[in-house]
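A.B. asks: My questions all concern the structure below.
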Amino acid sequence: MSELVSVIVPMYNHARYIQQCLDSVYNEDYPNIELIIIDDGSNDESVEVAKKWREYHQGKLHRFHIETQENQGICKTLNRLVSIAEGEYIVLLASDDYLIKGGIEAKVSALKKNPQWLAVFSDAILIDPDSNIVSHSAIEYYNVNRYALQFTNLMAQQIIMFWTAPMQIMVFKKKAFNPIIGVGLYDETMCFEDRDMCLRLLAKQAYGFIDTCAYAYRVRIGQEGTPGVDTNSKRKDFHIISGKVFSHFSGINNLFLRAQYQSYIDRSKNKIYFYFWRLLMLILRGYYYFQLKYEQHFSQNAKYN
């Protein structure tokens, strides 16, 4: 029998989208799934919609669990979800997004074939608030270099220097959350969850990529930041994360993350240092771009020789 996969859904004010989200789990062709939902203090009809859905669909699932709580924020909610999950693999699914059929099987298969990976991400389609397709590839939409994602060192530099949406669409091995053999749980002091976790995985060289669309990711064109998260708080945490993890990297990655952190610290204290760090980041991005083009050029030449 296939290993149990836990699909965990942190839900917050997504009554409009939660049925589409849950339908995508039900329609997955992976044979052994449990579905766990925690509602993080929604003030709309999200819980009622999810419970109504359960009445007609839970029979196919190994287990369906739903609970509610006062608003705790995304990181505390995810840690609670992970603690409840019984699966060997964990799929993180936002309550306004949905899975693409076959994606769980593809990612679980990739994790089995690559024992050094603790988590894997993929490409995704982008959808708008009305579920219209914005792009058939998040990688292309956000100008992520697909070639770089095939190699551990280039992927780390791509993600560190050009953080964007596709990087956080993960499936984990459950042991990824073990603080000894994995990277530990989400940092509950952060107001958003994905970048910190991603960088910790990269630091252990335990993060992989598969070139398939396994997820539909909802975007709000023209809207800055994450709904429900203060933009200034997110900007602050973004740079604090860089300061937390830079010592776990070496070379260009260490230098870029340190510069990113210091530019935030010095932005109001010392304008000269601030501009120095920002210039250094620009130079490092230019070096990465040159290195990437150089490697792509010689890779293509080797292919045709």
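A.B. asks: Take segment 137-174 and flag every residue that is of a type in the set (D, E, K, R) and either crowded, with 21+ Cβ neighbours inside 10 Å or outside any helix (DSSP H, G or I) (or both). Show your work before the answer.
C.D. replies: So the first thing to find is which residues in segment 137-174 are of a type in the set (D, E, K, R), and the list is 140, 146, 173-174.
Arg146, Lys173, listed by residue number.
A.B. asks: Return the residues of segment 67-108 that are of a type in the set (Val, Ile, Thr) and assigned to a helix (DSSP H, G or I); say none if nothing qualifies.
C.D. replies: Correct list: Ile74, Thr77, Val82, Ile84, Ile104, Val108.
Every residue, every condition in (1) free of Cβ contacts under 8 Å to residues at least 24 places away in the same chain; (2) surrounded by 15 or more Cβ atoms within 10 Å (Cβ to Cβ); (3) in contact with a strand residue (DSSP E or B) (Cβ under 9 Å, 6 or more places away or on another chain), yes or no:
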| residue | (1), (2), (3) |
| --- | --- |
| Leu257 | no, yes, no |
| Ile272 | yes, no, no |
| Lys293 | yes, no, no |
| Gln296 | no, no, no |
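A.B. asks: So, Ser131, is that one surrounded by fewer than 18 Cβ atoms within 10 Å (Cβ to Cβ) and touching an Asp or Glu at 6+ places or on another chain (Cβ under 7 Å) or not?
C.D. replies: Taking the combined requirement at face value, the residue does not satisfy it.
A.B. asks: If you check Lys60 against the conditions, is it in contact with a Phe, Trp or Tyr (Cβ under 7 Å, 6 or more places away or on another chain) and either without any contact (Cβ under 8 Å) to a residue 12 or more places away in the chain or surrounded by fewer than 19 Cβ atoms within 10 Å (Cβ to Cβ) (or both)?
C.D. replies: Considered against the rule, which asks whether it is in contact with a Phe, Trp or Tyr (Cβ under 7 Å, 6 or more places away or on another chain) and either without any contact (Cβ under 8 Å) to a residue 12 or more places away in the chain or surrounded by fewer than 19 Cβ atoms within 10 Å (Cβ to Cβ) (or both), Lys60 comes out as yes.
A.B. asks: Would you confirm, using the coordinates I've provided, whether Lys101 is closer than 22 Å to Phe209 by Cα, in contact with a helix residue (DSSP H, G or I) (Cβ under 9 Å, 6 or more places away or on another chain) and either β-branched (Val, Ile, Thr) or surrounded by fewer than 17 Cβ atoms within 10 Å (Cβ to Cβ) (or both)?
C.D. replies: yes
A.B. asks: In addition: Just to be sure before I move on: is Ile66 surrounded by 16 or more Cβ atoms within 10 Å (Cβ to Cβ), touching a residue at least 12 places away in the same chain (Cβ under 8 Å), touching a helix residue (DSSP H, G or I) at 6+ places or on another chain (Cβ under 8 Å) and within 19 Å of Glu188 (Cα to Cα) in the structure I sent?
C.D. replies: no
A.B. asks: What about Asn132, is it free of Cβ contacts under 8 Å to residues at least 40 places away in the same chain and within 22 Å of Val25 (Cβ to Cβ)? It would help to see each step written out before you state the result.
C.D. replies: Working: free of Cβ contacts under 8 Å to residues at least 40 places away in the same chain: yes; within 22 Å of Val25 (Cβ to Cβ): yes.
So Asn132 fits the description; yes.
A.B. asks: While we're here: Would you check if there is a residue in segment 109-125 being within 15 Å of Cys213 (Cβ to Cβ), of a type in the set (Phe, Trp, Tyr), buried (at least 22 other Cβ atoms within 10 Å of the Cβ) and touching a residue at least 40 places away in the same chain (Cβ under 8 Å)? Steps first, please.
C.D. replies: Just the residues of segment 109-125 that are within 15 Å of Cys213 (Cβ to Cβ), to begin with: 110, 120-125.
If we keep only those that are of a type in the set (Phe, Trp, Tyr) as well, we get 121.
Keeping just the survivors that are buried (at least 22 other Cβ atoms within 10 Å of the Cβ) gives 121.
Applying the additional criterion that residues be touching a residue at least 40 places away in the same chain (Cβ under 8 Å) yields 121.
Scanning segment 109-125 turns up at least one residue that is within 15 Å of Cys213 (Cβ to Cβ), of a type in the set (Phe, Trp, Tyr), buried (at least 22 other Cβ atoms within 10 Å of the Cβ) and touching a residue at least 40 places away in the same chain (Cβ under 8 Å).
A.B. asks: Just the residues that are at pLDDT 95 or above and among the basic types (Lys, Arg), please, taken from segment 181-217.
C.D. replies: Hits for segment 181-217 are Arg200, Lys204.
A.B. asks: Considering segment 259-270 alone, what residues qualify as being modelled with pLDDT under 95, buried (at least 17 other Cβ atoms within 10 Å of the Cβ) and over 14 Å from Arg235 (Cα atoms)?
C.D. replies: Within segment 259-270, just Asp266 meets the criteria.
A.B. asks: Hey, can you tell me all the residues within segment 56-66 that are among the aromatic types (Phe, Trp, Tyr) and assigned to a helix (DSSP H, G or I)?
C.D. replies: Answer for segment 56-66, where residues must be among the aromatic types (Phe, Trp, Tyr) and assigned to a helix (DSSP H, G or I): just Tyr56.
A.B. asks: Would you please name the residue that is modelled with the lowest pLDDT, looking only at residues in segment 1-55 that are part of a loop (DSSP other than H, G, I, E, B), among the hydroxyl-bearing types (Ser, Thr, Tyr) and more than 19 Å from the chain's Cα centre (by Cα)?
C.D. replies: By that ranking, first place goes to Ser2.
The values are calculated or read from the model by the stated rules, or taken from the named source; none is laboratory data. Only a predicted model underlies this, so the values are computations on that prediction, with no experimental measurement involved. All Cβ positions, glycine included, derive from the backbone under ideal geometry; neighbour counts span all protein chains shown.
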